[in-house]
1. I'd like the GluC sites (Glu not before Pro) in region 305-361 restricted to DSSP loop residues with at most 16 other Cβ atoms within 10 Å, sorted by number.
2. Let me spell out the model: positive unit charges on the Cβ of Lys and Arg, negative unit charges on the Cβ of Asp and Glu, origin at the Cα centre of the chain. What dipole size does that give, in debye rounded to 20?
3. Let me know the charge dipole size of region 130-281 about its Cα centre in debye, to the nearest 20, where only the beta-carbon of Lys, Arg (+1) and Asp, Glu (-1) is charged.
4. Residue by residue through region 105-112, what is 3J(HN,Hα) from phi via Karplus (6.51 cos²θ - 1.76 cosθ + 1.60, θ = phi - 60°)? Round to whole Hz and write x for glycine and proline.
5. What's the local net charge at Arg281, with K and R +1, D and E -1, over the other residues with C-beta under 13 Å away?
6. Convert each backbone phi in region 160-166 into a coupling constant with the Karplus relation 6.51 cos²θ - 1.76 cosθ + 1.60 (shift: θ = phi - 60°), then list the ³J(HN,Hα) values in order as whole Hz, x for Gly and Pro.
7. For Ile335, which sequence-distant residues (separation of 5 or more, or a different chain) have an amide H within less than 5 Å of its own amide H, given hydrogens modelled in the peptide plane?
8. List Cys373, Cys382 from most exposed to least, where exposure is judged by having the fewest other Cβ atoms within 10 Å.
Amino acid sequence: MANSNNNEHFIPLSVPNFAGREKEYVSEAVVSEWVSTGGSKVTEFENAVAAYTGMPRAVACNSGTSGLHLALMAAGIGRGDEVLAPTLTFIAAVNPIRYVGAEPVFIGCDDSLCMSPAATQEFLRTRCEKRPGGVYNRASGARVAAILVVHVFGNMAGMPAFAALANEWGLALIEDATEALGTKYTSGPFAGKMAGTIGDVGAYSFNGNKIITTGAGGMLVSNHPDWAEHAKHLSTQAKADELQFLHDEIGYNYRMTNLQAALGLAQLEQLEGFIAHKHARWQQYKTALDGKNGYRILDFQEDGVRSNKWFYSLYLEDPRHDRDTMIAALKARDIQTRPVWALIHEQADYGKNEAYALEKALDYRARIINLPCSTNLSEEDCQRVIDTLLAL
Ligand SMILES: *Cc1c(COP(=O)(O)O)cnc(C)c1O
């Protein structure tokens, strides 16, 4: 992200906010000389995220992508398996499926932008069958092993429906909550539960553009204590004996450093404040732009959910607004925006994968612009984005 832009009028899309105790905690790590993967702050940060998310254990790792890779391995997904996954998402949600030798089957989204539970159910009922040993995709003959949902832009995917499907069909349920730390149910069957903690295993990201950042980093949580332990083991070179350097499977160096954890501890202290800020600016955009000039500000699921409202979506309802022309016009006025991701089933390495119920994903891909949403975006700068949009 371009937070080093010298132009003071420039409004970035999403930049980190280090207004808390970041310098203090990082200095402590430097002074202690524990800057690498040892040191007390990694454990402290794991414990803090576990407490925040209401989980018994959290496993720190060096990115959200590695967290998802560990999640798939912990879930036992492997060569020849298929995983139902969204097409409207960042590619890092899907690549780990390939890392373990499995293949994604792409499912479209609903109006939350998250993978549609209805389409997932329809795919399972019309295209798959239960046989001894699991669920099989009739067209490919492959075993369907898991559902991987992504809580897009901080919106909660329809977890009661996904949990019921996973249960009915005997599938693992994996949550990519990389964008959704802090999103939680406030009522319903999962009242009090955070995004990432409802399925079998979930992953968070602390990349620079996420709601809190460690520069780069991630965290895995699981409702199976043995899966979390296995993920920790895999992330630390699968070392079975510290002194003799015995390794009992193929491991990875996916560890977080003490420096990253120091940043994370300071960031987590501010998370609830960041979420309040995200809500205030979203409301400002919503009030000023929704229904005006051919614009809609997409809603987050509000019914029984407290979303972290990580990324804001302007939907171009009026065909006279061309997405890329608008992005260029905003850029010329020092406002950084972006389109939603190119759909994964259209990416170079996924063109041959099965893809199902794509209409809404294609439409949202064509018509969404993400608006500036930093947790230090001022009311004045937000107003400038609004005024600029209303004049286009
Ligand atoms: C950011 C992100 C990831 C990957 O997280 P990193 O920490 O950047 O590796 C995965 N999935 C989605 C949906 C993301 O937005």
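1. Listed in order of number, the matching sites are Glu317.
2. The dipole of the chain has a size of about 460 debye.
3. That gives region 130-281 a dipole magnitude of about 560 debye.
4. 10, 8, 10, x, 10, 10, 6, 7
5. +1
6. Per residue, the Karplus-derived 3J(HN,Hα) values read x, 5, 5, 5, 5, 5, 4 Hz.
7. Amide H neighbours of Ile335: Ile11.
8. Ranked by crowding around the Cβ, least crowded first: Cys382, Cys373.
A short reminder: the numbers here are calculations on the coordinates, not readings from a lab. Because the structure is predicted, anything quoted here is derived from the model rather than measured. As a convention, Cβ positions derive from the backbone with ideal geometry for all residues, glycine included, and neighbour counts pool all protein chains shown.
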